[in-house]
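Undergrad: Mind looking over this structure? Questions follow.
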Amino acid sequence: SGTTSPADLRADFPLLDQTVNGHPLVYLDSAATAQRPQVVLDAELEFLEKRNAAVHRGAHTLAAEATEEFEGAREAVARFVGARADEIAWQSNATDALNTIAFAIGTASRGRGGEGARRFALQPGDELVVTEAEHHANLIPWQELAAQTGAVLRYVPVDEDGLWTIDELRAVVTEKTRLIAFAHVSNVTGMVAPVAEVVRVAASVGALTVLDACQSAPHRPLELGALGVDFAAFSAHKMLGPTGLGVLYGKRELLNALPPGRTGGSMITTVTMDHAEFLPAPQRFEAGTQPVSQAVALGAAVGYLTDAGVPAILDHEHALAARLYDGLSSIPGLRLIGPGAGVERAGLVSFDVAGVHAHDAGQYLDSRGIAVRVGHHCAQPLHRRLGLTASVRASVYLYNTVDDVDVFLEAAAGIRPYFGL
Ligand code: PMP
């Protein structure tokens, strides 16, 4: 923090120092997965070399050390997102975390979980609300839950830029709404949702809120407790951490009342041949052996992000996003998706290139050493609404520089000419 600009930390990321197709790599795909600084790689390796053991059960020294480090990582992640450690459950990824919530509500709807779980049970005709801009990970689990319970899935429509407003949400929410699931930051449009207002709308009808924080937790200060959402999900690999690890946040009282959808070892107190009692959160949502070295690495990653300064990272990304937006806006034949000038946009820009398929555009950029994402970005309904099957997405993180953006913009200006347009 202080006088160091986030991009000065670029040298901490070994992967970025390479050439691709004869050009210095310009990595503009951090919204898909982020690169890891050496300290995160080292933290995981050092754990594996010195302290790796099964956590929570062993009577031996290594097991105790591993447990301490594993739980320390949980505390670090909890602090990072403004939560308590027992409100953070490890999952395989954000998709898994969202499924865990849906499974738990489905389990309660089948009458499991006793008295305390009854309030989560869905009845035919109850309503679940999402937006038309959701990532498939925050759409399909709710489709499945609706299909299994007879609940109805409703959605907040987006406009021709892929945006929605709180008034449109209000128009969809009714007394029957039991849950509202929405992305904090869209992985396609870069729109930032009005979280506090959504929470107020949900509270007015007694609905639960589920925040998909995949594109916010890595990039902006996040205080989940203060925001008041009931549940949230995010992935370690988008925030300088490893793959195979996601985070489920839930208000403690809710997590403890929900019946786990997945059961087995490490999540029980007493088991007989016909019954089991479950541990409180977070263990009740952590059946089986956990991704221990990965959690340790995520602990190191949030330490690194905190040292870099999350507000400084956000400022840096806003500046790069504005440069991306302005530069792309001035290129003929590009259609930019998402918030216009003057409206907050997270560190990404998706666009359509008239007359050129997104995959061809992506290949052209790759031939210049530039890594972007092409396709529907796991948001087919959104693309359908925009009249597109695919788009090109450039996304930035703390290690990207003005130079990265300028190299990309120059190449982007060459896409249509290259294809003879
Ligand atoms: N939601 C959003 C908004 C995302 O960007 C992503 C990752 N592309 C996910 C959910 C799913 O994350 P994961 O694949 O790590 O589970």
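The values are calculated or read from the model by the stated rules, or taken from the named source; none is laboratory data. Here the structure is a predicted model, which is why all the values come from computation and not from measurement. All Cβ positions, even for glycine, are placed from backbone atoms using ideal geometry, and neighbour counts span all protein chains on display. Calculation scope for accessible area: heavy atoms of the full protein, side chains included, ligands and nucleic acids excluded. Shrake-Rupley method; radii C 1.70, N 1.55, O 1.52, S 1.80 Å.
Undergrad: Based on the mean of other Cβ atoms within 10 Å per residue, sort peptides 389-397, 230-238 so the most packed one is first.
TA: In descending order of packing, they fall as 230-238, 389-397.
Undergrad: Something else: Restricting the calculation to Cα positions, tell me the Rg (one decimal) and the Dmax (whole number) of segment 214-315 in Å.
TA: 16.0, 57
Undergrad: To the nearest Å, what is the center-to-center distance of segment 199-255 and segment 267-346, using C-alpha atoms only?
TA: Between the Cα centre of segment 199-255 and that of segment 267-346, the gap is 9 Å.
Undergrad: I've got another one for you. Please determine, in degrees from 0 to 90 and to the nearest 10, the orientation of helix 94-109 with respect to the longest principal axis defined by the Cα atoms of the chain, where the helix direction is its Cα long axis.
TA: 40
Undergrad: Further, regarding this structure: Taking N as the number of residues in the chain, what is its Cα Rg relative to 2.2 N^0.38 Å?
TA: 1.01
Undergrad: If you project the alpha carbons of segment 290-369 onto the principal axes, what extent comes out on each, in Å, largest first?
TA: Cα extents, longest axis first: 48, 30, 22 Å.
Undergrad: Based on the Cβ-Cβ distance from Glu71 to Ser204, what FRET efficiency comes out when R0 is 45 Å, to the nearest 0.05?
TA: For R0 = 45 Å, the calculated efficiency reads 0.75.
Undergrad: What does the charge add up to near Ala203, with Lys and Arg as +1, Asp and Glu as -1, over the other residues with Cβ less than 14 Å from its Cβ?
TA: Charge balance near Ala203 sits at +1.
Undergrad: Same structure again: Relative to the first principal axis of the alpha-carbon coordinates of the chain, what is the inclination of helix 310-329, with its axis defined by its Cα atoms, in degrees from 0 to 90 and to the nearest 10?
TA: 40
Undergrad: Remind me, relative contact order of segment 1-159 in percent, using alpha carbon pairs under 8 angstrom and six or more residues apart?
TA: Normalised by residue count, the contact order of segment 1-159 is 12 percent.
Undergrad: Would you list which aspartates and glutamates come within 14 Å of Lys238, measuring only between C-alpha atoms, while excluding same-chain residues fewer than 8 positions from it?
TA: Within the straight-line cut-off, Lys238 pairs with Asp29, Asp212.
Undergrad: Would you mind telling me the share, in percent, of accessible area of the chain contributed by carbon and sulfur at probe 1.4 angstrom? Mind dumping the intermediate values first?
TA: Working: 8790 of 17070 Å².
So the carbon and sulfur contribution to the accessible surface is 52 percent.
Undergrad: For Pro24, what charge total do you get from the other residues with a beta carbon under 15 Å from its beta carbon, if Lys and Arg give +1 and Asp and Glu give -1?
TA: Local charge sum for Pro24: -4.
Undergrad: With the other protein chains left in place, how much accessible area per residue, in square angstrom, belongs to the chain at a 1.4 angstrom probe?
TA: Per-residue accessible area for the chain comes out at 41 Å².
Undergrad: Now for a different question. Given Cα positions, please report Rg to Rh for segment 243-377, the hydrodynamic radius being the Kirkwood one.
TA: Using Cα coordinates only, the ratio equals 1.16.
Undergrad: Express the relative contact order of the chain as a whole percentage, based on alpha carbon pairs under 8 Å and six or more residues apart in sequence.
TA: Numbers: 861 pairs, mean separation 100.6, N = 421.
24 percent.
Undergrad: To continue, here is another question. Taking the 0 to 90 degree range and rounding to the nearest ten, how far is the long axis of helix 358-367 tilted relative to the main principal axis of the chain, both from C-alpha atoms?
TA: Taking the Cα atoms of the chain, the angle to 358-367 is about 70 degrees.
Undergrad: For the chain, which span is the longest to avoid every loop-located (per DSSP) member of GluC sites (Glu not before Pro) having at most 15 other Cβ atoms inside 10 Å?
TA: Details: sites that count: Glu160, Glu175, Glu223, Glu344.
Answer from the scan: 1-159.
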